[in-house]
Structures are given as structure tokens and as C-alpha cells.
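Read the structure below first, then the notes.
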Amino acid sequence: MKKFGKEVSAPVAAVINPNDEDIRFIDLRVDVAFKRVFGTPGNEELLKMLIDSILPDLHVSTLTLGNQENMGDSPDDKKTVFDIRATTEDGETVVIEMQLAEKKDFNDRLVYYSTYPIREQVRSGDRKYRLTPLYIIAIMDFSLDGARTTDSVINSFCIRNDSDISKTLTDNVHYVTVELPKFKKGVSDLNSLADRMIWLLRYMGSLKSVPEEFSGKGLEKLFEISNFTAMTYEEQMDYLAKFHAELDRAAELEAAIDKGNKLGFTVGREEGRKEGLKEGREEGREEGREEGREEKAIEDATKFKAAGVSLDIISQCTGVPMDILENL
């Protein structure tokens, strides 16, 4: 991990600052910081500015923060907690997730997230299956699988006709990604609210002072709320706990990947998919693809375990469940 130097106006790398005494502003990529700034009642105007930066055509006038905890239809269903959930004055639902560490199959995870507000819409009234617009926004410090072929920081996806992309199955479910590593502008090149907001999402945690380029740009409250030294002791401790958890997680993942490379294999996420697809095509059956992916994941997990990598990191890298890992 790289270490920040002295006062900066245009950081050269987006990393977590490992030195507590050097913290001036909280890192907005850490979920507790992100929710403090954009998901706290009273900060709706900042949330509106963030949404306007990502979805300028939505033209949001007012927002109401909603319940972040989502339960399934039965006690056995998995519970999901969104970072931010809000409803516009027109009834549109906006869900925002901040994701610092890359997760396996995050694109599928976004689709899974959308099922909760979709089901709630159907249950909540008599509109049958006509949905109000839903926007699932993922802000991530990595590039999403399937979106790496473009240089766009913001990418929007919907369900379209394969042979004619001008036709959609529905115009009411949208998946939007904000891929921070693709944002390359320096602080002197920021020409819009969207530029400034995305720049701060990526670099706020490294700042030692407010860049003069942000003077008079309407973001004074964002800097005020993000000021680490102005937080209460309890708020600082809560932030630092999450802060160091993210730092430890990133370090463990980096070490796991390094060990894997030394043993002559890769983490196996993309390779496992390719291997599974290859075997599936040879066998001509869908189950062949699935078995290929599972076999590759088990193979990589076995090597990780032999190298002494922790089981939770192995599970994150390969997707192999913990109960299977324990018996390998």
C-alpha cells in the first residue's frame, strides 16, 4: 500500500490512508463515511447533488430517505442492507451502494439487490405488475466485469432486446455503475458538479485541506461533514473501526493474490469462468459449464488453503462456501 505525502491537491493514487494521525477528511469510499455524508437525515441536498451528478436526466427536486434494511418473504430469506435508499417526489426509487473492495460476481449482486424493491412495489399496492422506475447505483473502486471495454466512468444498463438494442423489455429497471478507477481528471480539470463529486468520492480521504478549485462550488457542507477532526470521539472510533477493517481486508486480499501467483496460479475468478465455459461447450450442456467453474474454484481454493491463506479470503476470491472450504 502506498503512503500519502504532505498536503495534496491532486493525489496520484486512490488508497486508504493508513495513518490515523494524518486523517483530515474521512474516506468516502468507506461505507460508514459514505452513509454519514449522503445517507443521514438533513443531508438530502448533498444526496440530491450526488444523484444529479450520476443521473442528470432524472431531474430530482426532492428526496425522502427510506428504510435501508430489506427482509425477504420468509424468515429463511437473506437480509440485505442498502447503504442508501431514497424516493423522489415522483415515486422513483434510488438505491446506492458504495463498494471499495472488489467482490466476486458483483454484477449479479446488483441484479439481486433490485429484487427487493421490485417485490416491495408489487406488495405495497394494487398496481399489479406495473413498476415505478428503479435505479440501482453502484459506486465502486474497481471496474465491473463486462464494462471494461469502455472508458466511461458512468455506465447505465437495462434489459434490452439482443437483436435490437433500441427496444427494451422494461424501461423501469436501471443498473448504473460509477467506476472510480476510470476517472483520470486532475483537480484543475474539473469542469462540472459531476467531475467534482466523483473526484471527491475517490480522493477525499487523502486531502489535507480544501483545494482552492472547490471554493464557491456549493460543496462546503460536504467538506464540513467529512472533517474528521470535527467528529465526536464516538464517531471517530466508529469510522476508524471500519477504516482499518477495510485496510486489513485489502492487505489480506493483496497477500492472497501474491501467494497465489507465486504458486503458479491466478485467483481464478475470470479463469474459472473461461474454463467452465470451455468445458461446457465441449460437453454441449449447461451443467458442463457450471461443473467446470466449480472444479476450477475448488482447485484454486485447495491451493490457497495449502498456502495458509485465511478461509474468508479464499471464499471471497473463489466463491467456494465456507463449509466446503473447511472440509478440503
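The values are calculated or read from the model by the stated rules, or taken from the named source; none is laboratory data. Worth saying up front: this structure is predicted, and the values here are computed from it rather than measured. Neighbour counts are summed over all protein chains in view; Cβ atoms, including those assigned to glycine, are modelled from backbone coordinates with ideal geometry. The protein model used for the area step is the full one, side chains on, heavy atoms only, and it has no ligands, DNA or RNA in it. Shrake-Rupley method; radii C 1.70, N 1.55, O 1.52, S 1.80 Å.
Scan the stretch 163-170 and give yes if some residue there is part of a strand (DSSP E or B), among the hydroxyl-bearing types (Ser, Thr, Tyr), over 26 Å from PHE38 (Cα atoms) and without any contact (Cβ under 8 Å) to a residue 60 or more places away in the chain, otherwise no. Scanning the stretch 163-170, I find at least one residue that is part of a strand (DSSP E or B), among the hydroxyl-bearing types (Ser, Thr, Tyr), over 26 Å from PHE38 (Cα atoms) and without any contact (Cβ under 8 Å) to a residue 60 or more places away in the chain, so the answer is yes. Take ASP238 and decide whether it is open to solvent by 70 Å² or more (accessible area, probe 1.4 Å), modelled with pLDDT under 95 and within 30 Å of LEU58 (Cα to Cα). Considered against the rule, which asks whether it is open to solvent by 70 Å² or more (accessible area, probe 1.4 Å), modelled with pLDDT under 95 and within 30 Å of LEU58 (Cα to Cα), ASP238 comes out as no. A search for C-beta distances below 9 Å between a residue of the stretch 171-193 that is open to solvent by 40 Å² or more (accessible area, probe 1.4 Å) and any residue that is aromatic (Phe, Trp, Tyr) and at pLDDT 95 or above, counting only pairs 6+ apart in sequence or on different chains, returns LYS185/TRP199.
Which members of the stretch 33-67 meet the condition of being closer than 24 Å to ASN227 by Cβ and of a type in the set (Asp, Glu)? GLU44, GLU45, ASP52 - these are the residues of the stretch 33-67 that are closer than 24 Å to ASN227 by Cβ and of a type in the set (Asp, Glu).
Of THR266, THR302, THR229, all but one fail to be of a type in the set (Ser, Thr, Tyr), at pLDDT 65 or above and either over 30 Å from ASP52 (Cα atoms) or open to solvent by less than 30 Å² (accessible area, probe 1.4 Å) (or both); the exception is THR302. Taken over the stretch 204-226, the criterion of being open to solvent by 20 Å² or more (accessible area, probe 1.4 Å), in contact (Cβ under 8 Å) with a residue 12 or more places away in the chain and of a type outside the set (D, E, K, R) is satisfied by SER209, VAL210, GLY218, ILE225. Within the stretch 23-58, the set of residues being in contact (Cβ under 8 Å) with a residue 12 or more places away in the chain, out of contact with any helix residue (DSSP H, G or I) (no Cβ under 9 Å at 6 or more places or on another chain) and within 29 Å of HIS244 (Cβ to Cβ) comprises LYS35, PRO41.
Of all residues in the stretch 89-129, those being modelled with pLDDT under 85, of a type in the set (D, E, K, R) and not in a loop (DSSP other than H, G, I, E, B) number 3.
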